[in-house]
Amino acid sequence: MVVVMKILLTSQRRSITSADIDLIRRLLNDHPDWNRTRLSRELCSIWDWRTNSGNYKDMACRTLLLKLHRCGHIQLPSPQRPANNDYRLWKFADLSYDCDPITASLPL
């Protein structure tokens, strides 16, 4: 008998089914002291989710977990620190500069 699992989400060639959601919930329930990074590393290990170079796809897994959290499938622990991507909010002032061409001779 073949059991067909409904795919809820796919990220970087990893399809997430209801069985995967149950696994994530069980890990969160069994290990309430784990942070998001610890959870993602454990999932990468269980799923053997690796890059071509053999490293775990930790960042991809964390992104996947955040998507599942935002969709209401799981409840992630609070982040340990705020996101450090403040550079995207920077505003740069327009600077005026001389547009005249520079002419000079170079030594041979």
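A short reminder: the numbers here are calculations on the coordinates, not readings from a lab. Owing to the predicted nature of the structure, the values given are computational and were not obtained by experimental measurement. Glycine gets a Cβ as well: all are built from the backbone with ideal geometry, and neighbour counts include every protein chain shown.
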Might you let me know whether the range 20-29 holds any residue that is of a type in the set (Asp, Glu) and in contact with a Leu (Cβ under 9 Å, 6 or more places away or on another chain)? yes
Which is in contact with an Asp or Glu (Cβ under 6 Å, 6 or more places away or on another chain) and without any contact (Cβ under 8 Å) to a residue 40 or more places away in the chain, of SER53, SER40, SER105? SER40
Please enumerate the residues belonging to the range 6-48 that are assigned to a helix (DSSP H, G or I), among the polar types (S, T, N, Q) and closer than 14 Å to LEU66 by Cα. THR37, SER40
